[in-house]
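The values are calculated or read from the model by the stated rules, or taken from the named source; none is laboratory data. Quantities reported herein were computed from a predicted structural model and do not represent experimental measurements. Note: ideal-geometry Cβ built from the backbone for every residue, glycine included; neighbour counts use all protein chains shown.
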Amino acid sequence: MKICCLLILVSSFSAFARPKITDMSVSANGQYSEGDAVNYIATFSEAVTVTGSPRIYLNVGEDRRRANYVSGSGTEMLVFSYVVQSGDADDDGIEDYGMISQPDGLIRSARTNQAASVIYPGPYIRDVLIISAE
């Protein structure tokens, strides 16, 4: 009887686990220039829904930029895109902050509506180089 109850209790907790990011990747490592889109793909542990406009903040050289949410609500994969701007340059790789910012948007479980964990595992993506876009 005790084993049966323990199994039910463990199953109940896993049913309410928050979705989390299991992988963060970029569309392609390499060199980008003005007008090129750099897409970041966040893979979650389960399907999530998005409201508003979450984003990923980036350091491009000395400037702070952001990759804005583009698509993927209702799936396990969300796409964020940063378009290289005039004057951008970063020859040692874009740095990100290791999390999705949600100042005016929310990412939640499509199944339970529970808020997702938006911190993602390192190493953070650094193999995206920006050729001077002047």
- Message: Looking at (1) over 15 Å from Ser27 (Cα atoms); (2) touching a Leu at 6+ places or on another chain (Cβ under 7 Å); (3) not in a strand (DSSP E or B), which one does Gly93 not meet, given that it meets all the others?
- Response: (1)
- Collect the residues in the range 22-44 that are of a type in the set (S, T, N, Q), closer than 15 Å to Ser117 by Cα and either modelled with pLDDT under 95 or not in a strand (DSSP E or B) (or both), keeping them in residue-number order. Thr22
- Query: Out of (1) at pLDDT 85 or above; (2) surrounded by 14 or more Cβ atoms within 10 Å (Cβ to Cβ); (3) touching an Asp or Glu at 6+ places or on another chain (Cβ under 8 Å), what's the single condition that is false for Gln85?
  - Reply: (2)
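Here is a yes/no grid of residues against (1) more than 19 Å from Gln102 (Cα to Cα); (2) at pLDDT below 95; (3) in a loop (DSSP other than H, G, I, E, B):
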{"position": "Cys5", "(1), (2), (3)": "yes, yes, no"}
{"position": "Phe13", "(1), (2), (3)": "yes, yes, no"}
{"position": "Glu46", "(1), (2), (3)": "no, no, no"}
{"position": "Thr51", "(1), (2), (3)": "no, no, no"}
{"position": "Tyr57", "(1), (2), (3)": "no, yes, no"}
{"position": "Tyr69", "(1), (2), (3)": "no, no, no"}
{"position": "Leu78", "(1), (2), (3)": "no, no, no"}
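Residue-wise test of (1) among the aromatic types (Phe, Trp, Tyr); (2) in contact with a Ser or Thr (Cβ under 6 Å, 6 or more places away or on another chain); (3) closer than 18 Å to Pro121 by Cα.
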| residue | (1), (2), (3) |
| --- | --- |
| Val26 | no, no, yes |
| Glu34 | no, yes, no |
| Ser45 | no, yes, yes |
| Arg55 | no, yes, yes |
| Val60 | no, no, no |
| Gly72 | no, no, no |
- Query: Within the range 115-130, is there a residue that is over 15 Å from the mean Cα position of the chain (by Cα), more than 20 Å from Thr22 (Cα to Cα) and acidic (Asp, Glu)?
  - Reply: no
- Does the range 98-134 hold any residues that are modelled with pLDDT of 85 or more and within 13 Å of Leu58 (Cα to Cα), and which are they? Gly98, Met99, Ile100, Ser101, Val128, Leu129, Ile130
- Message: Let me spell it out: the conditions are (1) under 17 Å from Arg18 (Cα atoms); (2) surrounded by fewer than 17 Cβ atoms within 10 Å (Cβ to Cβ), and Arg108 meets all of them except one. Which number is the exception?
- Response: (2)
- Message: Quick check on the range 19-28: of everything there that is exposed (fewer than 14 other Cβ atoms within 10 Å of the Cβ) and not hydroxyl-bearing (Ser, Thr, Tyr), which residue is farthest from the chain's Cα centre (by Cα)?
- Response: Ala28
